[in-house]
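S.K.: There's a structure below that I have some questions on.
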Amino acid sequence: MSSNYRSFRKSVPWLILFLETVFIILFYFLFSGYNASISNISYTDFQDVNNMVIFGFGFFLAFLKRYSFSSTGFNLLIIVLGVQCSILMEGLLVLLLREAKEGDLKIITTAVVSMTAVVISSGAVLGKTNPIQLIVMTVVEVIVFQASRWINKRFLQVPDNISMMHVHLFGAYFGLAVSSRFSEPSPRSEKNASTPKSYLLSMLGTLFLWVFWPSFNSVLADADKTKAIYNTYFALAVSAVTAFTLSVLTTMDGKFRMTHVHSAALAGGVTVCYAAESIDYPWIAMILGLLASLITILGSFCLQRCLNPALKIHDASGVHFTFGLPGLLGAVAQVVLLVIKKWTVLPSLGYVVMIYIGAFCLTISVALITGFITGLILNFKLLKIIPVSKYFEDHFYWEVSFRVKLTMWEYI
């Protein structure tokens, strides 16, 4: 291994210490004497979302056989840094715009929810970025996502909870745009593969996400949290059942495939996130869950075989068909349900529909443009880009010296 890539001792610690110093100083000025209003979010709500983001996504991305340390470890690193950055952005906007201060738990919960976008984006470049690049990407994406949310709320009058649910769309397309600027790994690379053990660990992440997703969709709900939980659960349940069904129907040998269940079981939760608290009947959420699972599994075939090779994009974790396509379906579903529900009541229905469509288009456009620019920035030599031959390697960043323990674990 080249000496230029042997150690990050002269860069990573100092970058993290610099950011933490800046964060502490800004927290001192922005939150000294901070008198927050009472929050309607309980600690249980926050705990559910925090567990989902830390445990769920940490294990969800641990499917590569030589990259499990980095998947879970770097996930924690970018989340704890990103949450601080997100809170500072919220505090800065409150100070500049002189808005009402929110409750402490709502501030930190909103920050944790917003980190979903960053974690999804990191999945698109999984195994291809070093810690410096991930930290830079995290800071840039948090700032841009908060700016996008502010535009949606300020100028398009999109409700706060709906603008936050853009995390799936923003994270997926920001990550794909960043990934387009990285070299593609060899299709025959043994490192870019999974083992039964690594996929079992990743499936554990899917289970964490599945269990906590109703809390995620309802935590910022304004009107009816119970209805949001109710609809999200039914959408998740049907998408999981559909994933098993389609897995058997689409495989050559008629067996279940873990990759299908791994992604499609979550599609229903992503799709109903926009309309979870406004859906009146559970059968509507169930139909959306079925369609979400269908589009995820069929989309995985089409994207991996047709679109991604044509655009020269390597989607390491399949974030496009796991979060991007279900998110687009949810955006369309929200508009359709709004038209059906309000067409006889709301005179300015056309204006409202255009506002929601404009918010989705703005979110995706900002994600693609800023993601592409961020990808260019991450390829500066100053950030110590890693060669393709070193993709998907834990020992490149972590001390992996317990050979005996690893050997014993491999036989379990």
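The values are calculated or read from the model by the stated rules, or taken from the named source; none is laboratory data. This structure is a prediction, so every number in the text was calculated from the model and none was measured. Methodologically, a virtual Cβ is constructed for each residue, glycine included, from the backbone with ideal geometry; neighbour enumeration extends over all protein chains shown. Surface accessibility is based on the protein's heavy atoms, side chains included, excluding ligands, DNA and RNA. Shrake-Rupley method; radii C 1.70, N 1.55, O 1.52, S 1.80 Å.
S.K.: Looking at this structure, is Y351 among the hydroxyl-bearing types (S, T, Y), in a helix (DSSP H, G or I), open to solvent by 60 Å² or more (accessible area, probe 1.4 Å) and farther than 23 Å from A264 by Cα?
M.R.: Values: among the hydroxyl-bearing types (S, T, Y): yes; in a helix (DSSP H, G or I): yes; open to solvent by 60 Å² or more (accessible area, probe 1.4 Å): yes; farther than 23 Å from A264 by Cα: yes.
Taking the combined requirement at face value, the residue satisfies it.
S.K.: Can you confirm whether T110 is among the hydroxyl-bearing types (S, T, Y), surrounded by fewer than 20 Cβ atoms within 10 Å (Cβ to Cβ) and over 21 Å from V178 (Cβ atoms)? I'd like the intermediate steps shown before the answer.
M.R.: Working: among the hydroxyl-bearing types (S, T, Y): yes; surrounded by fewer than 20 Cβ atoms within 10 Å (Cβ to Cβ): no; over 21 Å from V178 (Cβ atoms): yes.
Answer is no for this residue.
Residue by residue, here is whether (1) surrounded by fewer than 20 Cβ atoms within 10 Å (Cβ to Cβ); (2) within 26 Å of F18 (Cβ to Cβ); (3) touching a Phe, Trp or Tyr at 6+ places or on another chain (Cβ under 6 Å) holds:
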{"site": "I79", "(1), (2), (3)": "no, yes, no"}
{"site": "V83", "(1), (2), (3)": "no, yes, no"}
{"site": "I87", "(1), (2), (3)": "no, yes, no"}
{"site": "N130", "(1), (2), (3)": "no, yes, no"}
{"site": "Q133", "(1), (2), (3)": "no, yes, no"}
{"site": "V142", "(1), (2), (3)": "no, yes, no"}
{"site": "P159", "(1), (2), (3)": "yes, no, no"}
{"site": "M165", "(1), (2), (3)": "no, no, yes"}
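S.K.: Please give the number of the condition Y233 fails out of (1) buried (at least 18 other Cβ atoms within 10 Å of the Cβ); (2) part of a loop (DSSP other than H, G, I, E, B); (3) free of Cβ contacts under 8 Å to residues at least 40 places away in the same chain.
M.R.: Just one mismatch for Y233, condition (2).
S.K.: Something else now. With the requirement that a residue be open to solvent by 10 Å² or more (accessible area, probe 1.4 Å) and either under 15 Å from the mean Cα position of the chain (by Cα) or closer than 14 Å to C85 by Cβ (or both), what does region 144-157 give you? Don't jump to the end; show me each part of the working.
M.R.: Kept after step one, since they are open to solvent by 10 Å² or more (accessible area, probe 1.4 Å), are these residues of region 144-157: 144, 147, 150-151, 153-157.
Passing the criteria: V144, A147.
S.K.: Additional query: Output yes when any residue across region 123-130 is among the hydroxyl-bearing types (S, T, Y), in a helix (DSSP H, G or I) and either more than 27 Å from E399 (Cβ to Cβ) or touching a Leu at 6+ places or on another chain (Cβ under 8 Å) (or both), and no when none is.
M.R.: Taking every residue of region 123-130 in turn, none turns out to be among the hydroxyl-bearing types (S, T, Y), in a helix (DSSP H, G or I) and either more than 27 Å from E399 (Cβ to Cβ) or touching a Leu at 6+ places or on another chain (Cβ under 8 Å) (or both).
S.K.: Within region 240-345, considering only helices (runs of 4 or more DSSP H) that don't extend past its boundaries, which have at least 3 residues that are among the aliphatic types (A, V, I, L, M), within 21 Å of A117 (Cβ to Cβ) and under 22 Å from the mean Cα position of the chain (by Cα)? Let's see the steps before the verdict.
M.R.: Details: elements: 258-264, 267-271, 282-302, 308-311, 325-342.
Of the helices (runs of 4 or more DSSP H) lying wholly inside region 240-345, those with at least 3 residues that are among the aliphatic types (A, V, I, L, M), within 21 Å of A117 (Cβ to Cβ) and under 22 Å from the mean Cα position of the chain (by Cα) span 325-342.
S.K.: Okay, moving on. I need a count of the residues in region 191-228 that are open to solvent by 60 Å² or more (accessible area, probe 1.4 Å) and β-branched (V, I, T).
M.R.: Selection size over region 191-228: 2.
S.K.: Which residue, of F174, F216, F182, is assigned to a loop (DSSP other than H, G, I, E, B) and at pLDDT 90 or above? Even if it seems obvious, please write down each step before you answer.
M.R.: Numbers: F174 fails: assigned to a loop (DSSP other than H, G, I, E, B); F216 fails: assigned to a loop (DSSP other than H, G, I, E, B).
The unique qualifying residue is F182.
S.K.: For the condition modelled with pLDDT of 95 or more and open to solvent by 40 Å² or more (accessible area, probe 1.4 Å), what is the one hit in L346, L368? Give the steps one after another, and end with the answer.
M.R.: Numbers: L346 fails: modelled with pLDDT of 95 or more.
The match here is L368.
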